[in-house]
Ligand SMILES: [Mg+2]
């Protein structure tokens, strides 16, 4: 089986990650907004502005993640899953226009060395369906994401793919249109 797995809130505990950024002095200019975002009180337009600002700042040398820096925030089922399925797994992540921030976050976890490839989707709201289509013609794969809009994007291009909504936390939204899992251990 081939697996296409989202990164944030699928492999990486994103709230834990935000908590980590609050301890990094280099990010201090963003700390007030990161705290509000983590606490879910930052208005949507400011969330977008924050992600664009960090994306550009990082790309222009604002910070560089160190090897291993984010390993503690990888969900505990991820390494066991990749030790079995890594050869048939792609990470597919969407983010800012600059890829370097997302690349830095993923590569400092070392997960890119445990999978077949990492696919980057430019632009936070771009769908993952077209990018996956560039890598496979075989619709017999599993796709996992915490965003229903991304499940819709992939299901549109691959109606027979097995799309799973991952809900990692108690309070996470649970799809009523896709099968919901809480852990990669539940995948076929
Ligand atoms: Mg995600």
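Coordinate-derived values only; no laboratory data. What you see is a predicted model, and the numbers here were worked out from it, not measured in a lab. Glycine also receives a Cβ, built like all others from the backbone with ideal geometry; neighbour counts cover every protein chain displayed.
Annotation for region 1-61 versus region 141-179: alpha-carbon center distance of 22 Å. Note on 136, 2, 160: ascending count of other Cβ atoms within 10 Å places them as 160, 136, 2, the fewest first. Bridges between two residues of region 80-184, per DSSP, are antiparallel at a rate of about 0%. Taking 17, 90, 178 as the candidate residues, the one with maximal mean-square fluctuation in a Gaussian network model of the chain, Cα springs under 10 Å, is 178. Over region 19-100, the hull volume per residue, using the convex hull of the C-alpha atoms, is 129 Å³.
Size descriptors for region 15-59, from the alpha-carbon set: Rg then Dmax equal 9.9, 27 Å. Relative to the longest principal axis of the Cα atoms of the chain, helix 148-157 runs at roughly 40 degrees. Dimensions of the chain along the principal axes, based on C-alpha atoms and rounded to the nearest Å, stand at 45, 32, 31, largest first. Annotation: the antiparallel percentage among DSSP beta bridges lying fully within the chain is about 5. Taking each DSSP H run with n ≥ 4 as -39500 (n - 2.57) and averaging over every residue of the chain yields -9500 deg cm²/dmol at 222 nm.
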